[in-house]
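Trainee: My structure is below; once you've seen it, I'll send some questions.
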Amino acid sequence: MSAPPDSRSQDAAPKWTPLFPAGSTTLLRISIAAIAILCVASGTLAYVYYESSYWNREGVAPLQPILFSHRHHAAELRIDCRNCHSTVETGAFAGMPSTHTCLTCHSQIFTSTSMIRPLVESAAANIPLQWNRVNRLPSHVYFNHSIHIAKGVACITCHGEVGKTALMMKGKPLTMRWCIDCHQNPGARLSEPSEIFDAVLSAHPNRRAPAELSAFYHVRTGTLTNCSTCHH
């Protein structure tokens, strides 16, 4: 018959103290879940921000020295874009209307209205009107208006239907991704020569297919997506 266990040896056994307090595993799991949720939420907020008009300024009309309406001038009065943007066919910069350009009409009409007063004061003081940019590209991006016009890219392709807006606003995102999409498939964005300077999108009855327009304008897509095309 075996002897009973020695109670003294049991009492002498060391007592282990837990390294972490009770509930540490639960707290760790909650922390990991919170960090994961924070990362996902931060990424989502960053994506929404950079895709929003708040960052891109799409659809936002900056203040101008004169409340000029493209809808009235370009659509209702059918004034050609080149009257105000005189270098759009010959230079990288489309040009902005000078004081004297506006006075071609407004030296005779609406001269006493408060809306035209900044123009009259500009002429009297011989200080040019300071228009605020609506579309601004980064300094490392080169854009040439004349080559796009020559290749059949209409004004509204990049600026939106300005004939439907009272105040000029950014009509398209003009991001790198947006430009590359066009450079990869330019034919779908080309217009007939007669509609390049239209202020609104027209239903042209005899508009050629994208491939025909690309051939007509001699668009060569081989180098359009090269970095050096836009980054000189």
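Trainee: Within the stretch 165-224, can you find the residues that are hydrophobic (A, V, I, L, M, F, W, C) and either on the phi > 0 side of the Ramachandran plot or in a helix (DSSP H, G or I) (or both)?
Mentor: L174, M176, W178, C179, I180, C182, A188, A211, L213, A215, F216 - these are the residues of the stretch 165-224 that are hydrophobic (A, V, I, L, M, F, W, C) and either on the phi > 0 side of the Ramachandran plot or in a helix (DSSP H, G or I) (or both).
Trainee: Any residue in the stretch 80-98 that is surrounded by 13 or more Cβ atoms within 10 Å (Cβ to Cβ), in contact with a Ser or Thr (Cβ under 7 Å, 6 or more places away or on another chain), on the phi > 0 side of the Ramachandran plot and not charged (D, E, K, R)?
Mentor: Yes, there is a match, as at least one residue in the stretch 80-98 is surrounded by 13 or more Cβ atoms within 10 Å (Cβ to Cβ), in contact with a Ser or Thr (Cβ under 7 Å, 6 or more places away or on another chain), on the phi > 0 side of the Ramachandran plot and not charged (D, E, K, R).
Trainee: Scan the stretch 178-194 and give yes if some residue there is more than 30 Å from E51 (Cβ to Cβ) and surrounded by 15 or more Cβ atoms within 10 Å (Cβ to Cβ), otherwise no.
Mentor: The answer is yes; a qualifying residue exists.
Trainee: Sticking with this structure for a sec: Which of the following residues is free of Cβ contacts under 8 Å to residues at least 24 places away in the same chain and closer than 26 Å to E161 by Cβ: I116, I79?
Mentor: One residue alone meets the criteria, I79.
Trainee: Is it true that K151 is of a type in the set (K, R) and either free of Cβ contacts under 8 Å to residues at least 60 places away in the same chain or touching a Cys at 6+ places or on another chain (Cβ under 7 Å) (or both)?
Mentor: Here the answer is no, as K151 does not meet what is asked.
Trainee: Which of the following residues is surrounded by 12 or more Cβ atoms within 10 Å (Cβ to Cβ), hydroxyl-bearing (S, T, Y), within 25 Å of V153 (Cβ to Cβ) and modelled with pLDDT under 90: S53, S69?
Mentor: So the residue among S53, S69 that is surrounded by 12 or more Cβ atoms within 10 Å (Cβ to Cβ), hydroxyl-bearing (S, T, Y), within 25 Å of V153 (Cβ to Cβ) and modelled with pLDDT under 90 is S53.
Trainee: Take the residues in the stretch 127-162 that are part of a loop (DSSP other than H, G, I, E, B) and β-branched (V, I, T), then tell me which one is surrounded by the fewest Cβ atoms within 10 Å (Cβ to Cβ).
Mentor: I127
The values are calculated or read from the model by the stated rules, or taken from the named source; none is laboratory data. This structure is a prediction, so every number in the text was calculated from the model and none was measured. Neighbour counts are summed over all protein chains in view; Cβ atoms, including those assigned to glycine, are modelled from backbone coordinates with ideal geometry.
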